[in-house]
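Chemist: The structure follows.
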Amino acid sequence: MSRQIRHVLSSAAAALVAALAPLAAHAEWGNLNMPVGVTELSKQIYSLHMTIFWWCVAIGVFVFGWMIWSLVAFRKSKGAVADTSITHSTKAEIVWTLIPVVILVIMAIPAARTLIAIEDTRNTELSIKVTGYQWKWHYDYLGEDVKFFSALERTSDETRQLQSGLDPNAVPEYLRDVDKPLVVPEDTKVRLLLTAQDVIHAWWVPQFGMKKDAIPGVVNELWFKVDAGKTGIYRGQCAELCGRDHGFMPIVVKVVTKEEYKAWVAAQQTDGANEAAPAVNAAPTVASIATAAPQG
Amino acid sequence: MNAETPIDPLHRDSSNRKLTLRLLGFALGAFGFGFALVPLYDVICDITGVGNPKDLLRASTFDESVAPVPDENRWVTVEFIADLPSVGSWTFKPLVTEMKVQPGKLYVVDYIAHNLTGKDTIAQAIPNVAPGKATPFFRKTECFCFTPQKFLKDEEKVMPVRFVVDSHLPKSLDRITLSYTFYDNSTRVAALN
Amino acid sequence: MANTTTAHTHDDHDHKPHGLKRWLFATNHKDIGTMYLVFACVLFFLGGAMALVIRAELFQPGLQFVDPGFFNSMTTMHALLMIFGAVMPAWTGLANWMVPMQIGAPDMALPRLNNFSFWLLPFAFTLLLLTLFVPGGAPAGGWTLYPPLSLQAGDSFPLTIFAIHLMGISSILGAINVVVTIMNMRAPGMGLLNMPLFCWTWLITAYLLIAVMPVLAGAVTMLLTDHFFGTSFFTASGGGDPVMFQHIFWFFGHPEVYILILPAFGVVSEIIPTFSRKPLFGYESMVYASASIAFLSFIVWAHHMFTVGMPLAGQLFFMLSTMLIAVPTGVKVFNWCATMWKGSISFETPMLFSLAFLFLFTIGGLSGLMLAIVPADFQYHDSYFVVAHFHYVLVPGAVFAIMAGVYYWLPKWSGRMYNEKIGKLHFWLSTIGVNVLFFPQHFLGLAGMPRRIPDYSTQFADWNMVSSVGAFIFGFSQLLFVYVVWNAVRSGEKAPQRPWESARGLDWELPTPAPYHSWETPPSRDVVAHGTVQH
């Protein structure tokens, strides 16, 4: 019987390998793990993730080892005879209740420490109000008079139409690029005040380690401080189902040096065109901006 | 519990009737309990001091007649945000976006709202304080958010908020954000009347 | 053995109603159980077809087949059909068949109620499936129905809510029936702690159902009044709070997860001892572990919503309580391992499915442990990592256990053996398919792919393609299952009275096939003692 199983298994595995072989030519197979990220918090979160992962691997090795050992050693086909006297053992049961408890306590301590760090919003240097719309983001640099919408960039938007006939692979950063990215300085504690106009959205940039819901009528806080020297472009997406085009409201954050940031803000202010989206008044709080965000 | 003891049919009839009555009583009791929960919650809140609406109101308001004790050594930044709903035409914004305040001192900030809907209407602002743990320490003595506001066509109103940051504000906070979401409530109010 | 056969000789000429009436007016627990199982199977394929629409669209980047709105409807309907239409009715069907047979009762305690609770389901799901054809399309806000998004639905909205109400009533009635049956109709000598674990886990499940289905009904009723009657429970403009819905929903939703998985623990706890030829290790601790899991399931709900912005104390509490669930779950897994230890193991199809359950449910459990770590959950939340996690728990968890149970008891039900070869083929294709389908989704989630999106950036293309290939392998191999069962019932070999020689329990003391009316006279204490767990 086991030979038969082995036969079926090996032929199935062979078929699978054959079917998947052409795929192996692609790149990006290495995208297996969470990014370490570029902020203090994201690194802490990554290390928590890896710690709990290795604990899980250890538990897995033990449990699966035990199972496989039993399945190999105590096969009826190999003449194993059941020892029916083993029905319970209070000692064993206490041991395998207590050991998990100990592991959990070991894990809970660093997790709680990171959590407290995440909740500490003191010494914020820059506050940006982020408003989720169906289906784009609005950024408002508080006290700077810089505010604009950030929506899916046009080429992606054309390509992603149903049966557009366009090749997503030909679009650089397909679905991960916006018309106007959020710009923040490096080495600065940036606090986002998240809210939404219509339905719940969630702001997530994996490289910053965090996501938080943007809820209508509620203001949530999320902060990040990109390490010095980590300038560059970081991408994310809306992470809470928000209707038809939930998959098409990316987030792009451009991290620049402090000097570049100052120059950028000044340029935005003189520009006067910081409301990039159409049909928007210069006044920050005019509701007619909603006309640019049609209901689904 | 089990089928060993035979039950005579007459006895069973009366015991069934008893059970039915008991179950009916239980159902009525459960239904009644649902309504009794409203006052019961108040009682529980009174006893435990959690989530009592009166306490919450007291926490969010402030008695100006009691002389506040300002904390001269501490400065807290308060940010003001205005949000507009996705329907109706309004202007709504704070006149200042940020204030440095001392806990225990009374401050006033003005919001301005302009009705551009082209008709008389009623609006209501829903307040929100971030972070959440600052909410009980942010006390408003006067606020346009307490009641729905009537607006005539094209009316512009300056609406003050008087507030005190409680000196018991946790030391882990140095910044509070007060946000108002402004809703045109004419349809809802009309529906309720 | 001999005395049971003689006790039931009259069953050979029992009078069952014939034709449509037999099913419409069914009060026999076996008929109703069969209807539940067939219903679940149909819905499993409908929900599965929707899953294949999802995976077909996600095979490559770009939108090839469906509009994003329809895609969202598919994810929403897939979840509703699988949870309420496939897994829950399948468990109720198994409970209908097995609980009376296992505790030595002639039928369920409330047979007409039983009929009613089944026949509510076709109406509920007709309402739900009708939404596919109404203006605005089927519900597309996710099965969690979060407002304000769910309030944007078109004409489907009231239909969905009423369908959920009907499903809820059906589940509650079914649960009441199980509780009353187990509490009142056990054979003499069958104490609560002599019951097979399947009855125990179902008893606990039934209490969970009675406790939480009204909560769901309340939550969706509030949505209904928000939508149509101007209330604002969840609308910020009227002073309501959209987050409150999530709290109420998950107060139902987390126990619901255990409603789906607890009976699976029961089935596996029956099968592993049978094919290890050894009694279950730690019977009592299994019962206590199930009960503590059920209790803990009421105080962990907010771990589904760590990103809504909770106070620190709340996050810590829900992190710790969630981690605590790993303890009783661990006890169960260790007990199953210890049951196999020093056994004499053979690998018939039910055992194979139970072993796959053991391995793959453990993987799902471990990723659940990772999800409990709140800071890490800020990364995992609403990503494909979560999708991988709960599918590992529900597909090779709940669904495999259901299949294991069907293979295990089919000989007793139908009197005929299934084809072991095709059964094993079904097993291997399912197990390989399910891993190819869901394992890569861990990678996708960690790399940053959010769930519930119809299209993705090209960096996620490779693993999505693998996942879709797995989906089609898994989906189509389920046709084999239908074939095996059909083939067995039609023309399988005659099964002996004990198809599995070391299976224990009153269900196996009955003749094969189980007579239409079984245990009309309760089994004698000797039979009970022979067939049940003794300490």
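The values are calculated or read from the model by the stated rules, or taken from the named source; none is laboratory data. This is a predicted model, so every value here is computed, not measured. Every residue, glycine as well, gets a Cβ built from its backbone with ideal geometry; the counts of neighbours run over all protein chains shown.
Chemist: I need the full set of residues from region A:121-139 which are more than 7 Å from every other protein chain (Cβ to nearest Cβ) and among the charged types (D, E, K, R), in order please.
Modeler: A:Glu125, A:Lys136
Residue by residue, here is whether (1) under 23 Å from C:Gly142 (Cβ atoms); (2) not hydroxyl-bearing (Ser, Thr, Tyr) holds:
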position: C:Gly253; (1), (2): yes, yes
position: C:Tyr258; (1), (2): yes, no
position: C:Leu262; (1), (2): no, yes
position: C:Lys278; (1), (2): no, yes
position: C:Tyr283; (1), (2): no, no
position: C:Ser290; (1), (2): no, no
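Chemist: Please work out if C:Val42 is without any contact (Cβ under 8 Å) to a residue 12 or more places away in the chain and either within 21 Å of C:Ala264 (Cβ to Cβ) or acidic (Asp, Glu) (or both).
Modeler: Details: without any contact (Cβ under 8 Å) to a residue 12 or more places away in the chain: yes; either within 21 Å of C:Ala264 (Cβ to Cβ) or acidic (Asp, Glu) (or both): yes.
Spelling it out, C:Val42 is indeed without any contact (Cβ under 8 Å) to a residue 12 or more places away in the chain and either within 21 Å of C:Ala264 (Cβ to Cβ) or acidic (Asp, Glu) (or both).
Chemist: Specify the residue that is farthest from C:Leu127 (Cα to Cα); the eligible residues are those in region C:165-186 that are among the hydrophobic types (A, V, I, L, M, F, W, C) and buried (at least 24 other Cβ atoms within 10 Å of the Cβ). I'd like the intermediate steps shown before the answer.
Modeler: First, pick out the residues of region C:165-186 that are among the hydrophobic types (A, V, I, L, M, F, W, C): C:166-167, C:169, C:172-173, C:175-176, C:178-180, C:182-183, C:185.
Cutting the leftovers down to buried (at least 24 other Cβ atoms within 10 Å of the Cβ) gives us C:167, C:175, C:178, C:182.
Working: C:Met167: 11, C:Ala175: 23, C:Val178: 26, C:Ile182: 33 Å.
Among those residues, the one meeting the criterion is C:Ile182.
Chemist: Those residues that are among the small types (Gly, Ala, Ser), within 10 Å of chain A (Cβ to nearest Cβ) and over 20 Å from C:Trp409 (Cβ atoms), I need them from region C:314-362; list them, please.
Modeler: Within region C:314-362, the subset among the small types (Gly, Ala, Ser) is C:314, C:321, C:326, C:330, C:338, C:343-344, C:346, C:354, C:356.
Filter once more, so that each one left must be within 10 Å of chain A (Cβ to nearest Cβ): C:326, C:330, C:338, C:343-344, C:346.
C:Ala326, C:Gly330, C:Ala338, C:Gly343, C:Ser344, listed by residue number.
Chemist: Would you be able to say whether some residue in region B:125-134 is touching a residue at least 60 places away in the same chain (Cβ under 8 Å) and among the small types (Gly, Ala, Ser)?
Modeler: Here is the first cut: in region B:125-134, the ones touching a residue at least 60 places away in the same chain (Cβ under 8 Å) are none.
So far as region B:125-134 goes, no, none of its residues is touching a residue at least 60 places away in the same chain (Cβ under 8 Å) and among the small types (Gly, Ala, Ser).
Chemist: Select from region A:71-84 the residues that are loosely packed, with under 13 Cβ neighbours inside 10 Å and facing chain C (nearest Cβ under 8 Å) and write down the one among them that is farthest from C:Ala503 (Cα to Cα). Give the derivation first.
Modeler: At the first step, the residues of region A:71-84 found to be loosely packed, with under 13 Cβ neighbours inside 10 Å are A:72, A:77-79, A:81.
Next, from what is left, pick out any that are facing chain C (nearest Cβ under 8 Å): A:77, A:81.
Numbers: A:Ser77: 18, A:Val81: 16 Å.
Among them, the one singled out is A:Ser77.
Chemist: Check region C:462-485 and report whether any residue there is aliphatic (A, V, I, L, M) and closer than 30 Å to C:Ile182 by Cα. Outline the logic, then answer.
Modeler: Filtering region C:462-485 down to residues aliphatic (A, V, I, L, M) leaves C:465-466, C:469, C:471, C:473, C:479-480, C:482, C:484-485.
Remaining after also requiring closer than 30 Å to C:Ile182 by Cα: C:485.
Yes, some residue in region C:462-485 is aliphatic (A, V, I, L, M) and closer than 30 Å to C:Ile182 by Cα.
Chemist: Follow-up question, since we're still on this one. Can you find a residue that is closer than 19 Å to C:Ala294 by Cα and at pLDDT 95 or above anywhere in region C:383-390?
Modeler: So far as region C:383-390 goes, yes, one or more of its residues are closer than 19 Å to C:Ala294 by Cα and at pLDDT 95 or above.
Chemist: I'm trying to understand the selection: among the residues of region B:112-126, which are within 23 Å of the chain's Cα centre (by Cα) and facing chain A (nearest Cβ under 9 Å)?
Modeler: If the condition is that a residue be within 23 Å of the chain's Cα centre (by Cα) and facing chain A (nearest Cβ under 9 Å), then B:Ile126 is the only one that fits.
Chemist: What's the number of the only condition in (1) surrounded by 16 or more Cβ atoms within 10 Å (Cβ to Cβ); (2) in contact (Cβ under 8 Å) with a residue 12 or more places away in the chain; (3) within 12 Å of chain A (Cβ to nearest Cβ) that B:Val109 fails to meet?
Modeler: Of the numbered conditions (1) surrounded by 16 or more Cβ atoms within 10 Å (Cβ to Cβ); (2) in contact (Cβ under 8 Å) with a residue 12 or more places away in the chain; (3) within 12 Å of chain A (Cβ to nearest Cβ), the odd one out for B:Val109 is (3).
Chemist: Take the conditions assigned to a loop (DSSP other than H, G, I, E, B) and either under 27 Å from C:Phe70 (Cβ atoms) or modelled with pLDDT of 95 or more (or both) and apply them to C:Arg498. Does it pass?
Modeler: So C:Arg498 does not fit the description; no.
Chemist: Checking C:Ser290 against (1) modelled with pLDDT of 95 or more; (2) more than 19 Å from the chain's Cα centre (by Cα); (3) of a type in the set (Gly, Ala, Ser), which single condition isn't satisfied?
Modeler: (2)
Chemist: Something else about it: List pairs: first residue in region C:138-155 and at the interface with chain A (Cβ under 7 Å from one of its Cβ atoms), second residue part of a loop (DSSP other than H, G, I, E, B) and of a type in the set (S, T, N, Q) anywhere in the structure, Cβ distance under 8 angstrom, at least six positions apart or on different chains.
Modeler: Final answer for the pair search is C:Pro148/C:Thr235; C:Gln152/A:Gln295.
Chemist: Can you tell me how many residues in region C:218-235 are under 22 Å from A:Glu240 (Cβ atoms) and either touching a His at 6+ places or on another chain (Cβ under 7 Å) or in contact (Cβ under 8 Å) with a residue 24 or more places away in the chain (or both)?
Modeler: Narrowing region C:218-235 to residues under 22 Å from A:Glu240 (Cβ atoms): C:219-220, C:222-223, C:226-227, C:232-235.
Filter again for either touching a His at 6+ places or on another chain (Cβ under 7 Å) or in contact (Cβ under 8 Å) with a residue 24 or more places away in the chain (or both), leaving C:219-220, C:222-223, C:226-227, C:234-235.
Count: 8.
Chemist: If I ask for residues that are surrounded by 15 or more Cβ atoms within 10 Å (Cβ to Cβ), modelled with pLDDT of 65 or more and either within 14 Å of chain A (Cβ to nearest Cβ) or outside any loop (DSSP other than H, G, I, E, B) (or both), which ones from region B:56-84 would you list?
Modeler: Within region B:56-84, B:Arg74, B:Val76, B:Thr77, B:Val78, B:Glu79, B:Phe80, B:Ile81, B:Ala82, B:Asp83, B:Leu84 meet the criteria.
Chemist: Run down A:Asp120, A:Asp157, A:Asp140, A:Asp145 and say which single residue is modelled with pLDDT of 90 or more, of a type outside the set (Phe, Trp, Tyr) and surrounded by fewer than 20 Cβ atoms within 10 Å (Cβ to Cβ).
Modeler: Details: A:Asp120 fails: modelled with pLDDT of 90 or more; A:Asp140 fails: surrounded by fewer than 20 Cβ atoms within 10 Å (Cβ to Cβ); A:Asp145 fails: modelled with pLDDT of 90 or more.
Step by step, each of A:Asp120, A:Asp157, A:Asp140, A:Asp145 is checked, and only A:Asp157 is modelled with pLDDT of 90 or more, of a type outside the set (Phe, Trp, Tyr) and surrounded by fewer than 20 Cβ atoms within 10 Å (Cβ to Cβ).
Chemist: Also, quick follow-up: Anything in region C:441-456 that is at the interface with chain A (Cβ under 7 Å from one of its Cβ atoms), over 23 Å from the mean Cα position of the chain (by Cα) and either outside any helix (DSSP H, G or I) or of a type in the set (S, T, N, Q) (or both)? List them, or say none.
Modeler: The answer is C:Gly448, C:Pro450, C:Ile453, C:Pro454, C:Asp455, C:Tyr456.
Chemist: A further question follows. Given the residues A:Ile68, A:Ile94, A:Ile118, A:Ile106, which is the only one that is more than 7 Å from every other protein chain (Cβ to nearest Cβ) and within 34 Å of the chain's Cα centre (by Cα)? Quick ask: steps written out before the conclusion?
Modeler: Values: A:Ile68 fails: within 34 Å of the chain's Cα centre (by Cα); A:Ile94 fails: within 34 Å of the chain's Cα centre (by Cα); A:Ile118 fails: more than 7 Å from every other protein chain (Cβ to nearest Cβ).
Unique residue meeting the criteria: A:Ile106.
Chemist: Among the residues that make up region C:413-431, is at least one of them within 30 Å of C:Asp382 (Cβ to Cβ) and either at the interface with another protein chain (Cβ under 8 Å from one of its Cβ atoms) or in contact (Cβ under 8 Å) with a residue 12 or more places away in the chain (or both)? Show your work before the answer.
Modeler: Narrowing region C:413-431 to residues within 30 Å of C:Asp382 (Cβ to Cβ): C:430-431.
Now restrict to residues that are either at the interface with another protein chain (Cβ under 8 Å from one of its Cβ atoms) or in contact (Cβ under 8 Å) with a residue 12 or more places away in the chain (or both): C:430-431.
Yes, region C:413-431 contains a residue that is within 30 Å of C:Asp382 (Cβ to Cβ) and either at the interface with another protein chain (Cβ under 8 Å from one of its Cβ atoms) or in contact (Cβ under 8 Å) with a residue 12 or more places away in the chain (or both).
Chemist: Being buried (at least 24 other Cβ atoms within 10 Å of the Cβ), more than 9 Å from chain A (Cβ to nearest Cβ), under 23 Å from A:Thr51 (Cα atoms) and among the small types (Gly, Ala, Ser) is true for just one of C:Ala388, C:Ala401. Which residue is that?
Modeler: Values: C:Ala401 fails: under 23 Å from A:Thr51 (Cα atoms).
Result: C:Ala388 is the single residue among C:Ala388, C:Ala401 that is buried (at least 24 other Cβ atoms within 10 Å of the Cβ), more than 9 Å from chain A (Cβ to nearest Cβ), under 23 Å from A:Thr51 (Cα atoms) and among the small types (Gly, Ala, Ser).
Chemist: Among the listed residues C:Tyr207, C:Tyr288, which satisfies the condition of being of a type in the set (Ser, Thr, Tyr), more than 14 Å from chain A (Cβ to nearest Cβ), at negative phi and assigned to a helix (DSSP H, G or I)? Give the steps one after another, and end with the answer.
Modeler: Values: C:Tyr288 fails: more than 14 Å from chain A (Cβ to nearest Cβ).
Going through C:Tyr207, C:Tyr288 in turn, the sole match is C:Tyr207.
Chemist: Take the residues in region A:80-139 that are touching a Ser or Thr at 6+ places or on another chain (Cβ under 6 Å) and either part of a helix (DSSP H, G or I) or of a type in the set (Gly, Ala, Ser) (or both), then tell me which one is nearest to B:Asp174 (Cα to Cα).
Modeler: A:Glu93
Chemist: Hey, any hits in region C:144-156 for a residue that's surrounded by fewer than 18 Cβ atoms within 10 Å (Cβ to Cβ) and assigned to a helix (DSSP H, G or I)?
Modeler: No: zero hits.
Chemist: Could you list, in sequence order, the residues of region C:133-153 that are farther than 16 Å from C:His304 by Cβ and of a type in the set (Val, Ile, Thr)?
Modeler: C:Val134
Chemist: Looking at region A:205-231, which of the residues that are among the hydrophobic types (A, V, I, L, M, F, W, C), in a strand (DSSP E or B) and more than 7 Å from chain C (Cβ to nearest Cβ) is surrounded by the most Cβ atoms within 10 Å (Cβ to Cβ)? Break it down into steps so the answer makes sense when it comes.
Modeler: Within region A:205-231, the first condition is being among the hydrophobic types (A, V, I, L, M, F, W, C), and the residues that meet it are A:205, A:208, A:210, A:214-215, A:218-219, A:222-224, A:226, A:228.
From what is left, the residues that are in a strand (DSSP E or B) are A:205, A:210, A:214, A:222-224, A:226.
If we keep only those that are more than 7 Å from chain C (Cβ to nearest Cβ) too, we end up with A:205, A:214, A:222-224, A:226.
On the way: A:Val205: 26, A:Ala214: 29, A:Leu222: 26, A:Trp223: 23, A:Phe224: 24, A:Val226: 26.
Among residues in region A:205-231 that are among the hydrophobic types (A, V, I, L, M, F, W, C), in a strand (DSSP E or B) and more than 7 Å from chain C (Cβ to nearest Cβ), the one surrounded by the most Cβ atoms within 10 Å (Cβ to Cβ) is A:Ala214.
Chemist: Also, I was wondering about something else. Residue under question is A:Tyr234, and the condition is that it be of a type outside the set (Lys, Arg) and either surrounded by fewer than 22 Cβ atoms within 10 Å (Cβ to Cβ) or free of Cβ contacts under 8 Å to residues at least 24 places away in the same chain (or both); does it hold?
Modeler: On the way: of a type outside the set (Lys, Arg): yes; either surrounded by fewer than 22 Cβ atoms within 10 Å (Cβ to Cβ) or free of Cβ contacts under 8 Å to residues at least 24 places away in the same chain (or both): no.
Here the answer is no, as A:Tyr234 does not meet what is asked.
Chemist: Quick one: which of C:Gln459, C:Gln478 is in a helix (DSSP H, G or I) and modelled with pLDDT under 95?
Modeler: On the way: C:Gln478 fails: modelled with pLDDT under 95.
None of the others qualify; the one that does is C:Gln459.
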